[in-house]
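Here the structure is laid out as structure tokens; the discussion comes afterwards.
The values are calculated or read from the model by the stated rules, or taken from the named source; none is laboratory data. Since we're looking at a predicted model, the values are computed, not measured. Glycine also receives a Cβ, built like all others from the backbone with ideal geometry; neighbour counts cover every protein chain displayed.
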Amino acid sequence: MSASVYLDHAATAPLAPGVAEVMHEALVAAFGNPSSRHGHGRRARGLVDEAAETLAALIGAEPREIVWTSGATESSNLALRGVAEFVGEGARIVSAVTEHPATRDTLAALAKTGVTVDWLAVDEHGAIDHADLAAALAEGPDLVSIMQVNNETGVIHDIPAIAAQCAAAGVALHVDAAQSLARLPIDVRRTPITLMSLSAHKIGGPKGIGALYVRRRVPRAGLAAQIIGGGQQHGLRAGTLPTHQIAGFGAAAACAATHGVAAQPEWARLRDALWNALAPLDGIHRNGRPEQTAAPFLSVSVTGVHGAALVAGLNEGEPALAVSAGAACSAAKGESSHVVRAMGRSPREAAATIRFSLGPGVDEAAIEAAAQRFMDEVTRLRALAAAA
């Protein structure tokens with residue numbers, strides 16, 4: 001296998017130190033069902049409770065406000081579908097056009113059932129207009145759903161300000177925090193967030209486990225369970241809890257509590273070094289304002305190349321660059337980025353958009369190698385296009 005530079009931490013991060021060991025211990029020594037009352041079950045329940053305490057502390061929540069799910073996609077489905085079903089006829093939800101497909105596609109499906117969905121546009125920097133949000137709130141929606149950090153560009157939405165607007169209007173707020181957990185400070189004691197989707201594998205935990213924070217204080221929202229049968233987790237999400245995955249999420253959250261937010265200045269420095277190296281390239285555009293972009297993210301669009309060829313060329317070769325064309329889920333559909341199209345890029349530019357996302361293991365040597373490899377590949381593809 002050729003050398004590779006991993007710059008796709010927004011898609012998934014490598015396991016944080018100690019996570020695999022904690023998961024193995026849970027599989028071997030805590031194999032009981034966490035709902036069972038015997039000693040084996042109590043041991044498993046102890047690991048689940050410990051993970052809930054750790055994750056809750058990371059966001060300023062109470063452990064009983066954590067509902068375990070299979071990932072942030074299920075969490076967002078539970079939040080959106082749960083509120084819409086609880087409200088019933090006349091339900092109304094506000095969201096932004098640049099949301100993750102877990103939100104966009106779920107809301108599109110809900111719209112077909114009669115739910116009214118109000119979509120907020122973004123400007124060329126990926127930001128919503130808070131006056132537009134105020135106008136949407138005046139219509140009396142049941143929920144606003146906004147991600148804190150965009151999964152493709154890293155653009156940060158001002159969740160404290162949005163939460164304040166929603167609270168003043170008496171409207172519940174759901175936040176997709178899959179990309180902001182452990183990257184930005186989150187404190188639900190100070191910020192009136194009602195529901196929040198969280199993911200383990202973005203912060204060095206295992207895939208297949210996530211959580212939904214469900215606020216028990218005002219502002220609250222009624223929530224209808226989407227998986228029923230068994231009554232686990234206060235009836236909000238049935239099913240036997242995967243102790244080893246939950247324990248892994250807890251271990252990753254513990255690591256993030258120490259190293260997550262504190263590491264962001266270094267990621268910002270390395271990200272800016274990468275952009276400074278790429279900026280002299282003709283026809284390259286940075287998506288989003290640097291000061292409003294989460295530290296590990298750099299999204300660039302280039303002209304004069306075919307998007308699929310660029311991604312394929314970068315993913316192979318020496319060194320191979322593990323990068324994405326926008327979101328991994330969009331790549332799976334074969335689509336160009338709806339996010340950068342909403343920010344004003346042409347469909348061709350959107351198709352030739354690359355997301356670099358930094359994390360543990362990335363250093364200056366990796367940044368230098370990635371920059372040179374990117375520029376060489378763009379130059380090669382432009383030469384081929386000119387010769388055709």
Among the residues in segment 235-248, are any closer than 20 Å to A102 by Cα, in the same structural domain as T153 (by TED's automatic domain parsing) and touching a Phe, Trp or Tyr at 6+ places or on another chain (Cβ under 8 Å)? yes
Is it the case, given these coordinates, that A44 is outside the structural domain of G288 (by TED's automatic domain parsing), in a helix (DSSP H, G or I) and farther than 27 Å from H157 by Cα? yes
Would you confirm, using the coordinates I've provided, whether A262 is over 19 Å from L7 (Cα atoms), out of contact with any strand residue (DSSP E or B) (no Cβ under 8 Å at 6 or more places or on another chain), touching a residue at least 60 places away in the same chain (Cβ under 8 Å) and of a type in the set (G, A, S)? no
Residue by residue through segment 245-300, note down the ones that are touching a Ser or Thr at 6+ places or on another chain (Cβ under 6 Å) and either among the hydrophobic types (A, V, I, L, M, F, W, C) or in a helix (DSSP H, G or I) (or both). G250, A253, A254, F297
In segment 82-109, the residues that are surrounded by 22 or more Cβ atoms within 10 Å (Cβ to Cβ) and touching a residue at least 40 places away in the same chain (Cβ under 8 Å): G82, V83, A84, I93, V94, S95, A96, T98, E99, H100, A102, T103
Could you say which residue among A52, A79 is part of a helix (DSSP H, G or I), surrounded by 22 or more Cβ atoms within 10 Å (Cβ to Cβ), touching a residue at least 40 places away in the same chain (Cβ under 8 Å) and touching a helix residue (DSSP H, G or I) at 6+ places or on another chain (Cβ under 8 Å)? A52
Among S346, S336, which is in contact with a strand residue (DSSP E or B) (Cβ under 8 Å, 6 or more places away or on another chain) and of a type in the set (S, T, Y)? S336
Considering only segment 273-291, I want to know if a residue exists there that is over 15 Å from A371 (Cβ atoms) and touching a Gly at 6+ places or on another chain (Cβ under 6 Å). yes
Exactly one condition in (1) closer than 25 Å to V155 by Cβ; (2) modelled with pLDDT under 95 is not met by L184; state its number. (2)
Please state which of the following conditions V5 fails to meet, knowing it meets all the rest: (1) crowded, with 20+ Cβ neighbours inside 10 Å; (2) closer than 23 Å to S199 by Cβ. (2)
Looking only at residues that are of a type in the set (G, A, S) and in a helix (DSSP H, G or I) in segment 90-117, which one is nearest to I162 (Cα to Cα)? A102
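In the set S337, S324, S357, which member is crowded, with 22+ Cβ neighbours inside 10 Å, in contact (Cβ under 8 Å) with a residue 24 or more places away in the chain and more than 20 Å from P14 (Cα to Cα)?
Details: S324 fails: more than 20 Å from P14 (Cα to Cα); S357 fails: more than 20 Å from P14 (Cα to Cα).
Checking each option against the conditions leaves just S337.
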Keeping to segment 118-140, report how many residues are surrounded by fewer than 22 Cβ atoms within 10 Å (Cβ to Cβ) and either in a loop (DSSP other than H, G, I, E, B) or modelled with pLDDT under 95 (or both). 9
Tally of residues being under 18 Å from A251 (Cα atoms) and either of a type in the set (A, V, I, L, M, F, W, C) or free of Cβ contacts under 8 Å to residues at least 60 places away in the same chain (or both) across segment 1-20: 5
Collect the residues in segment 189-208 that are more than 29 Å from A20 (Cα to Cα) and either surrounded by fewer than 23 Cβ atoms within 10 Å (Cβ to Cβ) or not assigned by TED's automatic domain parsing to the domain that holds T103 (or both), keeping them in residue-number order. R189, R190, T191, P192
For segment 249-273, name all the residues that are within 18 Å of the chain's Cα centre (by Cα) and buried (at least 23 other Cβ atoms within 10 Å of the Cβ). F249, G250, A252, A253, A256
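Residue-wise test of (1) under 24 Å from the mean Cα position of the chain (by Cα); (2) among the acidic types (D, E); (3) farther than 15 Å from L314 by Cα.
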position: V340; (1), (2), (3): yes, no, yes
position: S346; (1), (2), (3): no, no, yes
position: R355; (1), (2), (3): yes, no, no
position: L358; (1), (2), (3): yes, no, yes
position: A365; (1), (2), (3): no, no, yes
position: Q372; (1), (2), (3): no, no, no
position: V378; (1), (2), (3): no, no, no
position: R382; (1), (2), (3): no, no, no
position: A387; (1), (2), (3): no, no, yes
Mind listing just one residue for me: the one in segment 274-284 that is exposed (fewer than 14 other Cβ atoms within 10 Å of the Cβ) and not acidic (D, E) and, of those, farthest from G260 (Cα to Cα)? G283
Filter segment 1-24 down to the residues that are within 23 Å of the chain's Cα centre (by Cα), hydroxyl-bearing (S, T, Y) and not in a loop (DSSP other than H, G, I, E, B) and list them by number. Y6
Got at least one residue in segment 150-158 being farther than 21 Å from S299 by Cα and more than 15 Å from the chain's Cα centre (by Cα)? no
